[in-house]
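Read through the structure below, which is laid out as structure tokens, and then see the notes.
The values are calculated or read from the model by the stated rules, or taken from the named source; none is laboratory data. Treat the numbers as computed from the prediction; the structure is a model and nothing was measured. Because the Cβ atoms are built from the backbone with ideal geometry, glycine has one as well, and the counts that use them run over all protein chains shown. Side chains are part of the model used for accessible areas, which takes the heavy atoms of the whole protein and leaves out ligands, DNA and RNA. Shrake-Rupley method; radii C 1.70, N 1.55, O 1.52, S 1.80 Å.
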Amino acid sequence: MSTREAFACHPDNAVIWHDDRLYLLDQRILPEEVRFVACNRALDTARAITDMVVRGAPAIGITAAYGVVLAARERFRADGADWREGIRADIELLAASRPTAVNLFWALERMRRLIDALEALDPTPPLLAEARTIHQEDIAANRTLGDFGAELIQGPTDIVTHCNAGALATGGYGTALGVVRSAHAAGKIRMVYADETRPWLQGSRLTAWELVQSGIPVTVQSDNVAASLMAGGEIGWVIVGSDRIAANGDVCNKIGTYALAVLARHHGVGFMVAAPSSTIDMGVASGAEIPIERRDADEVLLCGGKRVGPAGVAAHNPVFDVTPAALVDCIVTELGVLRQPDAEKMRALMEGG
Ligand code: MRU
């Protein structure tokens, strides 16, 4: 692929491996600027995840997998055949970059398992092949689950989405926005209402940018508009992604998702969660066990670089919440669709039953 093709201005290009380097589309400065950050080491990659250059559960996992490739190259150059210990330390560094999205730990575990089985002198080529596979599998999963989700939509209708669960948040195509893309192609989407998603504004900055780039009708609304919009009776579905789904079907996603689920149930609007199976964590029994990231108070107290709270005030900034399974109408994955999810259905899905 030519450099020009690799860096084309396209939402699918959030995570790029090109010329032996990892490039991340800087999601902190979209939509004003399209610029890439280059990562040469595992340390750069972990910092980029923590600082939200790249964000969104599947994209974080894919990025971390490429981070392990960078670690392998660096450690093999420095330590030759004794590369294993150094890579293990770098994997710990990557694992500490963000706490909630399980795709991060899932991808690192997959890389770790390969490392344990490797006999090659230079670990870089097989680890790069695995990272590329993780990336390609995510895109394929999103296309499949996008089509599954679209089948559930009786169109044409309006939908509400929250945060960014699109191509930018994944290997490409998107989860919630993957469903939107497939449904739009089938003529089922009249309008996508994108919650702006305070405080980081993933909805207005990223989802709106991505849908405008893709020619899908989108309207940004402040987060507090959803109730009156649903009362108007034109909304068919709320469609969101997830950072971690527990073994009982509880769904952890961007703060504000739980409020939308309550509103959807009250107004008789469908509530759909779209996520690849790499987002399902059968190791946590319920949402109560999921670690919820808390970020800096300034994300709430500053807006567009301007202070919007008085000096000395505290800010409560949990960046995810948990929607109980009872409020979820369906979880759509590449393995199939679960209606009214519960522990038994989750187990059957993950065991292929
Ligand atoms: O803090 P972020 O921007 O990483 O949070 C992202 C979300 O909450 C997304 O909705 C979730 O990761 C699903 S992405 C397909």
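The label point for residue 234 and the one for residue 350, both projected 7 Å from the Cα toward the Cβ, are 4.1 nm apart. Among beta bridges identified by DSSP and lying wholly in the stretch 224-288, the antiparallel ones come to about 25 percent. Over all Cα atoms in the stretch 145-350, the spread is summed up by Rg and Dmax: 16.5, 52 Å.
Here residue 345 is the anchor, and the lysines within straight C-alpha reach of less than 30 Å, apart from those fewer than 8 places off in the same chain, are 188, 254. Its residue count N sets the reference 2.2 N^0.38 Å, and the alpha-carbon radius of gyration of the stretch 102-159 equals 1.68 times that reference.
Rounded to the nearest 500, the 222 nm mean residue ellipticity of the chain from helices alone is -12000 deg cm²/dmol, with -39,500 (n - 2.57) taken per DSSP H run of at least 4 residues. Computed from point charges on the beta carbon alone (+1 for Lys and Arg, -1 for Asp and Glu), the dipole magnitude for the chain about its Cα centre is near 460 Debye.
Listed values for the stretch 18-27 are Karplus-derived 3J(HN,Hα) couplings in whole Hz (6.51 cos²θ - 1.76 cosθ + 1.60, θ = phi - 60°), namely 8, 6, 6, 9, 9, 10, 10, 5, 6, 7, and x replaces Gly and Pro. In bins 10 Å wide, starting from 0, what share of all Cα pairs of the stretch 3-140 does each bin hold, as a percent? Each 10 Å bin holds this share of Cα pairs: 13, 46, 32, 8, 1. Put a dot 7 Å past the Cα of residue 132, heading toward its Cβ, do the same for residue 326, and the two dots end up 4.9 nm apart. For the chain, the membrane-span-like helix rule (DSSP H, alpha carbon extent of at least 18 Å along the helix axis, mean Kyte-Doolittle at least -0.5) picks out 57-79, 102-117, 124-151; this says nothing about an actual membrane.
Across the chain, Cα-Cα distances exceeding 39 Å account for 12% of all pairs.
Counting only protein heavy atoms and a 1.4 Å probe, the chain has 41 square angstrom of accessible area per residue.
Ordering 118, 218, 66 by Cα displacement along the dipole of the chain toward the positive end leaves 218 in first place; charges were set at the Cβ atoms of Lys, Arg (+1) and Asp, Glu (-1). Given R0 = 35 Å, the distance between the Cβ atoms of residue 335 and residue 92 translates into a calculated FRET efficiency of 0.70. In this simple spin-label model, placing a label point 7 Å from the Cα along the Cα-to-Cβ direction at both residue 38 and residue 121 gives a separation of 2.9 nm. The charge dipole of the stretch 145-350, taken about the Cα centre with unit charges on the Cβ atoms of Lys, Arg (+1) and Asp, Glu (-1), comes to about 280 debye, rounded to the nearest 20. With Cα atoms as the point set, the stretch 59-161 shows a radius of gyration and Dmax of 17.4, 59 Å.
May I ask for log10 I(q)/I(0) of the stretch 1-76 at q = 0.12, 0.17, 0.19, 0.26 Å⁻¹, from a Debye sum over the Cα atoms as equal point scatterers with solvent left out? Listed by q, the Debye log ratios stand at -0.30, -0.59, -0.74, -1.28. Of 46, 209, 145, which is farthest towards the positive pole of the chain's charge dipole, taken about the Cα centre with +1 and -1 on the beta-carbons of Lys, Arg and Asp, Glu respectively? Result: 209, furthest along the dipole toward the positive end. Taking the charge dipole of the chain about its Cα centre, with +1 at Lys and Arg Cβ atoms and -1 at Asp and Glu Cβ atoms, the residue from 343, 233, 320 reaching farthest to the positive side is 233.
Put simply, the stretch 160-281 fits an ellipsoid with semi-axes of 19, 18, 14 Å; these come from the alpha carbon gyration tensor as the roots of five times its eigenvalues, largest first. One Cα centroid belongs to the stretch 224-284, the other to the stretch 27-89; the line between them spans 30 Å. Of the peptides 127-139, 99-111, the ranking by mean beta-carbon count within 10 Å, highest at the top, reads 99-111, 127-139.
Share of antiparallel DSSP beta bridges in the chain, in percent to the nearest 5? Expressed as a percentage, antiparallel bridges in the chain total about 50. Highest GNM mean-square fluctuation among 13, 253, 142, for the chain modelled with Cα contacts below 10 Å: 13.
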